[in-house]
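Take a look at the structure below.
The values are calculated or read from the model by the stated rules, or taken from the named source; none is laboratory data. Treat the numbers as computed from the prediction; the structure is a model and nothing was measured. Here Cβ is always computed from backbone atoms with ideal geometry, including for glycine, and neighbour counts include all displayed protein chains. Keep in mind that these areas ignore ligands, DNA and RNA; they rest on the heavy atoms of the full protein, side chains included. Shrake-Rupley method; radii C 1.70, N 1.55, O 1.52, S 1.80 Å.
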Amino acid sequence: MKRFLRVLTGLGIMMSLGFAGQAFAGDTIQVHNRAPYAKNATGVTAAVRNECQLETRLPQAIKAASKGRGYTVELTDKPAKSGKVLSIEIVHVLGVGGGGWSGPKAVRAKGELRANGKLIGSFISDRHTMSGFGTCRMLQRDVYVMGKDIAEWLESPGKDALLGDAK
């Protein structure tokens, strides 16, 4: 009986700390199939905007990284106003042409998770790359890793979270 009570106490502690499974196990989270550049986004060159496809690669990276995590990411043209919806925008890009020879590359995005319109989580995610071949490839690698960071955050979303290199 004592062992049973210890197990129950341990489970209670784990639940209160957020370790007892995924926050949205079995849920579907809608994500717009484009993570647009914010109106006030900085550092986004015409070449990056036109050639790197960061806007579509970020949602795709989140969906790919969410597999096996207990929730489903659905990419959509127009997320519904009900259910769980993750909105993301790219707010900064450091992507001077010339690949690794022209210095580091970086992407910063911010996002909000809402359930039926109510804010339940928000984040800023940064990723930086110091070496590689091709500016777009380096930025796409940042976005791919960023997708993993965001997928992990979706398991237990909190407000004002700092993800990746933003920590």
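Surface composition of the stretch 75-167: carbon plus sulfur atoms hold 54% of the accessible area, using a 1.4 angstrom probe and ignoring ligands, DNA and RNA. The dipole here belongs to the stretch 72-167: it is taken about the Cα centre, uses +1 on the Cβ of Lys and Arg and -1 on the Cβ of Asp and Glu, and is about 120 debye.
Loop-located chymotrypsin sites (Phe, Trp or Tyr not before Pro) in the stretch 117-167 (DSSP state other than H, G, I, E, B) with a sparse environment of at most 15 neighbouring Cβ atoms within 10 Å: PHE133.
Between amide H atoms placed 1.01 Å from N, distances below 5 Å from GLY158 occur with SER122, all of them 5 or more places distant or on a separate chain. Largest GNM mean-square fluctuation among ALA106, ALA61, ALA41, using the chain with Cα springs under 10 Å: ALA41.
Helices in the chain, meaning DSSP H runs of at least 4 residues, each add -39500 (n - 2.57). Divided by all residues, the mean residue ellipticity at 222 nm is -11000 deg cm²/dmol. When the Gaussian network model of the chain links Cα atoms closer than 10 Å, the mean-square fluctuations of VAL93, VAL48, VAL85 top out at VAL48. Backbone amide hydrogens, once placed in the peptide plane, bring GLY132 within less than 5 Å of GLY100, excluding anything fewer than 5 places away on its chain. Measuring nothing but how far apart in sequence close Cα pairs (under 8 Å, 6+ apart) lie, relative to its length, the chain scores a relative contact order of 24 percent.
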